[in-house]
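Below: one structure, written as structure tokens.
The values are calculated or read from the model by the stated rules, or taken from the named source; none is laboratory data. In this text, all values refer to a predicted model and were calculated from it rather than measured experimentally. Because the Cβ atoms are built from the backbone with ideal geometry, glycine has one as well, and the counts that use them run over all protein chains shown.
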4 protein chains.
Amino acid sequence: MRILVFNENHHERTRPEIRERYPLGIHGTLAAALGERLGPEAEIEVATQDQPEHGLGPDQLDGTDVLVWWSHLLHAEMDDDTVRRVRQRVLAGMGLVVLHSGAGSKLFTSLMGSSCDRRWRHGDDRQLVWTVKPGHPIAAGVPQPLVIEHDEMYGEPFDLPEPDELVFISWFSGGEVLRSGACYTRGAGRIFYFSPGDQECPVYHQSGVQQVIANAVRWAVPTGPVVSPFRGTSAPEGWWAA
Amino acid sequence: MRILVFNENHHERTRPEIRERYPLGIHGTLAAALGERLGPEAEIEVATQDQPEHGLGPDQLDGTDVLVWWSHLLHAEMDDDTVRRVRQRVLAGMGLVVLHSGAGSKLFTSLMGSSCDRRWRHGDDRQLVWTVKPGHPIAAGVPQPLVIEHDEMYGEPFDLPEPDELVFISWFSGGEVLRSGACYTRGAGRIFYFSPGDQECPVYHQSGVQQVIANAVRWAVPTGPVVSPFRGTSAPEGWWAA
Amino acid sequence: MRILVFNENHHERTRPEIRERYPLGIHGTLAAALGERLGPEAEIEVATQDQPEHGLGPDQLDGTDVLVWWSHLLHAEMDDDTVRRVRQRVLAGMGLVVLHSGAGSKLFTSLMGSSCDRRWRHGDDRQLVWTVKPGHPIAAGVPQPLVIEHDEMYGEPFDLPEPDELVFISWFSGGEVLRSGACYTRGAGRIFYFSPGDQECPVYHQSGVQQVIANAVRWAVPTGPVVSPFRGTSAPEGWWAA
Amino acid sequence: MRILVFNENHHERTRPEIRERYPLGIHGTLAAALGERLGPEAEIEVATQDQPEHGLGPDQLDGTDVLVWWSHLLHAEMDDDTVRRVRQRVLAGMGLVVLHSGAGSKLFTSLMGSSCDRRWRHGDDRQLVWTVKPGHPIAAGVPQPLVIEHDEMYGEPFDLPEPDELVFISWFSGGEVLRSGACYTRGAGRIFYFSPGDQECPVYHQSGVQQVIANAVRWAVPTGPVVSPFRGTSAPEGWWAA
């Protein structure tokens, strides 16, 4: 199983206090955490938006089983062809775990089909992440509730399609709620969105958060070769009804 | 369109402060509110658990299009045959709107298939009901959020099946969240669960709450005769494939 | 309630046998059928792809409650800005009913987030449309099964997201099945996809098919003003948690 | 992982031609197939309805991770307390895979909340099982379509709740369709229904069918201890919002 962690890597390079919080970059912190939790069967690589082809060239993508995605400010600067290539690979079966403001990325909105707009407040809310589907594999071993002492608020109404399975709902001290952990399938690819994780807060150093992301990666691993099982082509044979 | 409002009618008869809050009984308050909001096309009747056959005899049920249900303490005392009859009519197409602790009734749990257990606290929480599906007819005209100053807390994990459509999520001042408005279909019947409404609080006098319940009744009205469209019988003909 | 019926209007203009089948164009046949079934409260207009702005300019769209869509060969020639404008209006609450090969349109695929590819055979299959959710308003009054003597085959796997509600499944004489009637919400807009209707077959003259489309239009009517209820903007106030 | 295969074991004991088809009983055939496909990590046991407590006593159930269920004629004779015990264990997290006419069992209908009635014909249909969700783990390695040369017809409308995920739809030569593979969660337990498998046909000897059932067992394995995570009790603390 080969995991690729993508990060916009903008805040870490431009703002010292964020570099201090994430000296390895958010991608580095996530890669280390996944390596530890998924064990030696997982081969973990990283990609950042400032790399050629955003680190998401065909060579990189072709071997990836699950892509973990963090992005925020530079959505508009993502190259459309690269987004299209990533999207095609998701539809063909690659797993995708989208974090926090990645909700607004071209990749995620184009897979959801809705705006993914939401209420937000750049304050300092307490966030409690409640598991609403305790038997789901992505909730395994996650504290009930998972307490995040400081995070940005993302609130309903959140323009998400009805999830296939809703796993987490967040409470914010300011009075809002959010469907914060939701499962989808698009094409043959399994997609999980998880909202905690503002760059201003050390959320990804937190054990329960790492547990959710590691669970989600395992859940999203494709069950066969990543080749689209959908064919928009003629099916003249009809042997199956003979 | 004929609406039947069922109420356990226990608290109102045994505790003066609740009778004072609901002098007409919860059923009477709901019936009056629905009458006002649904207009003359709606014929509204009431039933209480202390009546013969709990007010839910065949004559009463046979003409009912949507049943609104409130119950709490006396679930165990509901007659099984009556519950079975009501359940059969829901499966045949009658709409059902279940309120608050009706979640634990034999009728609702037998239609959901799960325990419908949930966390609760008999305190004095502030509840904010957020609309998460703003285009849904049950959310039409409902304040965003709908603020309920005092209510009992029901919290996740709430043992509900994944809803067909999730319309509301509640925030509680004590730190909990709840899927508080959820749509289901069972058989041909459309079912809506709405959680606000403890007897200790004047919730059903509130305009936004009445609006939700009236919307839900309209949404749940059967679209044809209430006769089960499912046939567990032999289908030998096969003319349709000829 | 104002309904707009959009048609690519290509086959009718270029192939005599199709003009003969649909002398008013598919849009004209659908408009007439909807007018008859929805009654005087429905104001029905038509738009065709060969008109300026494809007949979908702001003036036309701004008053539309539900858009009915048929397209097939000229998807690539649809103007992107027009598609974007229609899509924004759906997300803001306008209803959308997409027919047959409209599944492959830029509009529909961009709202679904998947390829909407499917198996197909341009032959002469018998299609039986089975209602799997008999209590759903879109199934009201529809024959069980709805028999379509001749139609193009569209078959699974059909790259659709998991529907919010699945209403119809089709059987084809050649051995295939299809999720042929499926409900979605994107933004505040309600979307229904219905697969029967190849231009080679007189499907839209058939009563049961017209019934489904009229039901779907009624179901998709927005319940309030068509203005996006989602705000991707700051929510600093927090008065609701005070 | 401990798997328990339950079988009514009535036809095999009373009708020689069925004993000949399934000399080990349907349970024995399934147990052998699962043993081969799941490997040594799976410990597989069997239970039959004619055993004391139907082979489903507390000792047997307490260690079971996934229960595979086949039943048909003797639903009414199942002991209610035993059904209740099994149901409680599913709600607490045990996986459940229900086959064919098990749809009508007390266990399954009580978990679904609907009648699970369906159209049927005891003939000799050809059944094609189409995968509609090719990325789903239960579809891994399953032929597209899976061809079953002879089987009883179960057809829509099938009174099932809207599935969390629909994986298979079947086509029958007589003209019917069926949602034949569907995923649910009830409580913390994951449930999969799979329709092929009449006793009159050697369906469970077929490789593709065995593959589906083995996949489903793996999918349904609980991700933690089987103890209900739902608490219908007071939650007075509220420390999480402090």
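The single condition among (1) in contact with a Gly (Cβ under 8 Å, 6 or more places away or on another chain); (2) at the interface with another protein chain (Cβ under 7 Å from one of its Cβ atoms) that B:Met94 does not satisfy is (2). Just to be sure before I move on: is B:Leu74 at negative phi, touching a Leu at 6+ places or on another chain (Cβ under 7 Å) and hydrophobic (A, V, I, L, M, F, W, C) in the structure I sent? Taking the combined requirement at face value, the residue does not satisfy it. The criterion of being within 16 Å of D:His100 (Cα to Cα) and surrounded by fewer than 24 Cβ atoms within 10 Å (Cβ to Cβ) does not hold for D:Glu156. Taken over the stretch B:102-150, the criterion of being buried (at least 21 other Cβ atoms within 10 Å of the Cβ), of a type in the set (S, T, N, Q) and not in a loop (DSSP other than H, G, I, E, B) is satisfied by B:Gln127, B:Thr131.
Residue by residue through the stretch D:86-113, note down the ones that are within 14 Å of D:Gly197 (Cα to Cα) and β-branched (Val, Ile, Thr). Passing the criteria: D:Val97, D:Val98.
Across the stretch D:151-165, which residue is farthest from the other protein chains (Cβ to nearest Cβ) among those that are assigned to a strand (DSSP E or B) and in contact with an Asp or Glu (Cβ under 7 Å, 6 or more places away or on another chain)? Among residues in the stretch D:151-165 that are assigned to a strand (DSSP E or B) and in contact with an Asp or Glu (Cβ under 7 Å, 6 or more places away or on another chain), the one farthest from the other protein chains (Cβ to nearest Cβ) is D:Asp151.
Cβ separations smaller than 7 Å between residues 6+ apart or across chains give the following pairs from the stretch D:23-45 residues that are surrounded by fewer than 14 Cβ atoms within 10 Å (Cβ to Cβ) to residues that are not in a helix (DSSP H, G or I): D:Glu41/D:Met1. Take the conditions at pLDDT below 95 and touching a helix residue (DSSP H, G or I) at 6+ places or on another chain (Cβ under 9 Å) and apply them to B:Asp79. Does it pass? Here the answer is yes, as B:Asp79 does meet what is asked. Residue check: is D:Gly174 out of contact with any strand residue (DSSP E or B) (no Cβ under 6 Å at 6 or more places or on another chain) and either free of Cβ contacts under 8 Å to residues at least 12 places away in the same chain or in a loop (DSSP other than H, G, I, E, B) (or both)? Considered against the rule, which asks whether it is out of contact with any strand residue (DSSP E or B) (no Cβ under 6 Å at 6 or more places or on another chain) and either free of Cβ contacts under 8 Å to residues at least 12 places away in the same chain or in a loop (DSSP other than H, G, I, E, B) (or both), D:Gly174 comes out as no.
Of C:Arg89, C:Arg119, all but one fail to be within 14 Å of chain B (Cβ to nearest Cβ), touching a residue at least 24 places away in the same chain (Cβ under 8 Å) and over 12 Å from C:Ala182 (Cα atoms); the exception is C:Arg89. Within the stretch B:8-57, being among the basic types (Lys, Arg) and not in a helix (DSSP H, G or I) holds for one residue alone: B:Arg15. Flag: D:Ala235 matches the condition of being within 14 Å of chain B (Cβ to nearest Cβ), at pLDDT below 95 and buried (at least 19 other Cβ atoms within 10 Å of the Cβ). When D:Glu176, D:Glu165 are checked against the criterion of being at pLDDT 95 or above and crowded, with 24+ Cβ neighbours inside 10 Å, a single residue qualifies: D:Glu176.
Does D:Ser110 satisfy the criteria of being closer than 21 Å to B:Thr185 by Cα and in contact (Cβ under 8 Å) with a residue 24 or more places away in the chain? Considered against the rule, which asks whether it is closer than 21 Å to B:Thr185 by Cα and in contact (Cβ under 8 Å) with a residue 24 or more places away in the chain, D:Ser110 comes out as yes. Consider the stretch B:172-188 and keep the residues that are of a type in the set (Ser, Thr, Tyr) and facing chain D (nearest Cβ under 10 Å). The one that is farthest from the chain's Cα centre (by Cα) is B:Ser173.
The single condition among (1) assigned to a loop (DSSP other than H, G, I, E, B); (2) more than 9 Å from chain D (Cβ to nearest Cβ); (3) in contact with a Gly (Cβ under 9 Å, 6 or more places away or on another chain) that B:Val217 does not satisfy is (1).
When restricted to residues that are outside any strand (DSSP E or B) and surrounded by 18 or more Cβ atoms within 10 Å (Cβ to Cβ), the stretch D:66-77 contains 3. Of the listed requirements (1) in contact with a Lys or Arg (Cβ under 7 Å, 6 or more places away or on another chain); (2) crowded, with 24+ Cβ neighbours inside 10 Å; (3) of a type in the set (Ser, Thr, Tyr), D:Ser170 misses just one: (1).
Residues considered: A:Tyr184, A:Tyr204. Of these, the only one that is assigned to a strand (DSSP E or B) and in contact (Cβ under 8 Å) with a residue 60 or more places away in the chain is A:Tyr184. The single residue among B:Glu53, B:Glu17, B:Glu12, B:Glu8 that is in contact (Cβ under 8 Å) with a residue 12 or more places away in the chain and surrounded by fewer than 17 Cβ atoms within 10 Å (Cβ to Cβ) turns out to be B:Glu53. Which residues, taken from the stretch D:13-27, are over 22 Å from D:Arg37 (Cβ atoms) and of a type outside the set (Val, Ile, Thr)? Selection gives D:Arg13, D:Arg15, D:Pro16, D:Glu17, D:Arg19, D:Glu20.
Quick grid of which residues meet (1) touching a Cys at 6+ places or on another chain (Cβ under 6 Å); (2) at positive phi; (3) at pLDDT 95 or above:
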{"position": "B:Ala31", "(1), (2), (3)": "no, no, yes"}
{"position": "B:His54", "(1), (2), (3)": "no, yes, yes"}
{"position": "B:Trp69", "(1), (2), (3)": "no, no, yes"}
{"position": "B:Arg121", "(1), (2), (3)": "no, no, no"}
{"position": "B:Leu128", "(1), (2), (3)": "no, no, yes"}
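Residues in the stretch B:78-95 that are more than 14 Å from B:Pro52 (Cβ to Cβ), of a type outside the set (A, V, I, L, M, F, W, C) and crowded, with 18+ Cβ neighbours inside 10 Å: B:Arg87, B:Arg89, B:Gly93, B:Gly95.
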